[in-house]
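The next block holds one structure in the form of structure tokens; read it before the comments.
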Amino acid sequence: EKYLKAFLLQHGWKLIKIHALHDLLSDAVVFKPELEEYRELCERVSGYYMIDRYPPLAPSEITCGDIEADIEKAKRLINIMFAGEPPAEESQTEK
């Protein structure tokens, strides 16, 4: 959330009280359309907030592996917003 807001503020966005990552992403896509590929991630991660803040009525099906994978995707999203290219270790492994 903070990274998306920082990105948007850099582009002249007026700060508003909002926590939904997919809504913030919708605004960010206006400035950098390639961020759209992270919509699913933002929708999924927004759900983590609810799990953390409110006791679940049923057991969560989210695994540590799911969270670890989403952290890696979030790192790529952040890098694209602020550096414009994938992290160095990813670039080297894909070559």
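The values are calculated or read from the model by the stated rules, or taken from the named source; none is laboratory data. Fair warning: this is a prediction, and the values are worked out from it, not measured in the lab. For neighbour counting, all protein chains shown are included, and Cβ atoms are generated from backbone atoms with ideal geometry for every residue, glycine included. These accessible areas exclude ligands, DNA and RNA; they are computed on the full protein's heavy atoms, side chains included. Shrake-Rupley method; radii C 1.70, N 1.55, O 1.52, S 1.80 Å.
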_If I model a spin label at Glu37 and Cys64 as a point 7 Å from the Cα along the Cα→Cβ vector, what separation in nanometres do I get?_
2.9 nm
*Measure of compaction for segment 3-42 (Cα Rg per 2.2 N^0.38 Å)*: 1.04
*Whole-number accessible area per residue in Å² for segment 1-54, which is evaluated in the context of all protein chains at 1.4 Å*: 67 Å²
